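**Q** I'd like to ask some things about the structure below.
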Amino acid sequence: MANILIMASDGFEQSELFVPLEQLKSAGHEVHIAAPKVGPIKAWDKDDWGKTVDADLAIADQTPEGFDALVLPGGVINPDTLRVDDKAVGLIKAFAEAGKPVAAICHAPWLLVEAGLVKGRKMTSFTSIRSDIRNAGAEVVDQSVIEDRGVITSRNPDDLDNFVKAIVKAVS
């Protein structure tokens, strides 16, 4: 059983947090959610606000120690908020430096750009941010999931099953 951290803020894409949360728990893993502060965070669901989920941990209090992987859901608002949060970006870097898998879907690879983790890697993302990732030095491909040296990326909610399977494989 792995201990997995999902990091998000208000505006995460609803399916990109809830599907990994439910599938990883169903696979027997322990999953925690870290946000800028402990308490409820609200999803964005396609074109309006969606469900809330309780973050049980504060990002600023976390380190990779005790966790086996970090999962970054997308949405436009969530990664845009977190990429200007030094604690969030620092935590992503710390997971990568500790050799622990970091998985980002949809717009979340923006966070990987901020953390300096894209140069020289093969990656994918949501269509609208592929130029950003390419400009940061990644080889961008259009596939449902890419794993390159501990960084897992996927394009959109249609890729969630493959995204979660890659996370499960990485922590097995």
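The values are calculated or read from the model by the stated rules, or taken from the named source; none is laboratory data. From a predicted model like this one, the values you see are computed outputs, not experimental measurements. For accessibility, only protein heavy atoms count, side chains too; no ligands or nucleic acids. Shrake-Rupley method; radii C 1.70, N 1.55, O 1.52, S 1.80 Å.
**Q** So what does Glu114 come to for accessible area, using a 1.4 Å probe and Å² rounded to 10?
**A** Approximately 80 Å² of Glu114 is accessible to the 1.4 Å probe.
**Q** Suppose we keep just the DSSP beta bridges with both residues in the range 37-166; what percent of those would be antiparallel, to 5?
**A** Of those bridges, close to 55 percent are antiparallel.
**Q** Further question: Heavy-atom accessible area of Ser15 with all protein chains present, probe 1.4 Å, nearest 10 Å²?
**A** 40 Å²
**Q** Can I ask one more? Tell me, what HN-Hα J-couplings in whole Hz come from the Karplus equation 6.51 cos²θ - 1.76 cosθ + 1.60 at θ = phi - 60° for each residue of the range 71-84, using x for Gly and Pro?
**A** Couplings: 10, 10, x, x, x, 7, 5, 4, x, 5, 5, 6, 6, 9 Hz.
**Q** With every protein chain left in place, what is the accessible area per residue of the chain in square angstrom, probe 1.4 Å?
**A** The answer is 45 Å² per residue.
**Q** Which entries in the list Lys51/Lys165; Lys51/Lys122; Lys119/Lys169; Lys46/Lys100; Lys51/Lys119; Lys25/Lys46 go over 28 Å, if you measure between the two C-alpha atoms of each?
**A** Lys51/Lys122; Lys46/Lys100; Lys51/Lys119
**Q** Would you work out what percent of the accessible area of the chain, with all protein chains in place, is carbon or sulfur (probe 1.4 Å)?
**A** Answer for the chain: carbon and sulfur cover 47 percent of the accessible area.
**Q** Next question. Using only the heavy atoms of the protein chains and a 1.4 Å probe, how would Trp44, Trp49 rank by accessible area, largest first?
**A** Result, largest first: Trp49, Trp44.
**Q** If you work out P(r) over Cα pairs in 5 Å bins from 0, in percent from the coordinates, which of (i) 1, 7, 11, 14, 17, 19, 16, 10, 4, 1, 0, 0; (ii) 2, 10, 21, 25, 24, 14, 5, 0; (iii) 1, 8, 16, 20, 20, 15, 11, 7, 2, 0, 0 do you get?
**A** Here the calculated entry is (ii).
**Q** If ligands, DNA and RNA are left out, what is the accessible area of His107 with a 1.4 Å probe, given in Å² to the nearest 10?
**A** 10 Å²
**Q** Got a sec to turn the phi values of the range 106-115 into Karplus ³J(HN,Hα) couplings, 6.51 cos²θ - 1.76 cosθ + 1.60 with θ = phi - 60°, whole Hz, x for Gly and Pro?
**A** 6, 8, 4, x, 3, 5, 5, 4, 4, 7
**Q** On to the next question. Using a ≥ b ≥ c from the Cα gyration tensor of the range 94-172 (square roots of the eigenvalues), is it rounded, prolate or oblate, where a/c under 1.5 gives rounded and otherwise the larger of a/b and b/c decides, a/b for prolate?
**A** oblate
**Q** Here's another thing I want to ask about it. Classify the range 1-88 from the C-alpha gyration tensor, please: rounded if a/c falls under 1.5, else prolate or oblate depending on whether a/b exceeds b/c.
**A** Verdict is oblate for the range 1-88.
**Q** Non-local amide H neighbours of Trp44 (under 5 Å, H modeled in plane, Pro and chain starts lacking H): which ones?
**A** Long-range HN contacts for Trp44: Gly11, Phe12, Glu13, Gln14, Gly50.
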